[in-house]
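Since every read-out is calculated from the coordinates, none of them should be taken as a lab result. Please read these numbers as outputs of a predicted model, since none were measured by experiment. Cβ: placed from backbone, ideal geometry, glycine included. Neighbour counts: every protein chain shown.
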Amino acid sequence: MTCTAALRHIVLCEFNSDITPAKHAELVYEFSLLKDSVPGVLQFEWGENISPEGLDDGFTDCFTLTFDGAAARDVYLTHPAHLAFVELLKPWLARVLVFDYLPQEVPG
C-alpha cells in the first residue's frame, strides 16, 4: 500500500434552513478564495449532494481541500484568512463534519 504526501481535508456542511441561495453562493465563493490566500492549498473542490441513496444524514454540501501535506493543513487551520471565513460561516451552519486523510492506493 502506498501513500501520497498530499492530505485531503473534507468538510461536510448542513446549512440552516433559512439560508438564502445568495448567501449560500457567497459562502461557497468565500471558501474557494482560501486556496489563493493560504499557502500549501493545492486544490479546492465543492459540490452539493446528489446521491439518490438517502444516506447523507442531512449534509448538503461537500468541500474538499487538498494540502501539500499535514504541515500545510496545520498552517491553514490557524491562518487568519481561514479563521475569518469560519466566523463568516458559523452563523449559517446547522452542523459540520470534518475528516482529514492521507490518500492511499491499494495495489491491484
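Values computed for the structure shown
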| item | result |
| --- | --- |
| Test: residue in the stretch 21-33 that is under 15 Å from the mean Cα position of the chain (by Cα) and closer than 21 Å to Tyr101 by Cα | yes |
| Contacts under 9 angstrom Cβ, first residue in the stretch 19-35 being touching a residue at least 60 places away in the same chain (Cβ under 8 Å), partner surrounded by fewer than 16 Cβ atoms within 10 Å (Cβ to Cβ) and in a helix (DSSP H, G or I), 6 or more apart | Leu27/Leu88 |
| Subset of the stretch 84-108 (residues that are surrounded by fewer than 11 Cβ atoms within 10 Å (Cβ to Cβ) and not in a strand (DSSP E or B)) | Glu87, Lys90, Pro91, Val106, Pro107, Gly108 |
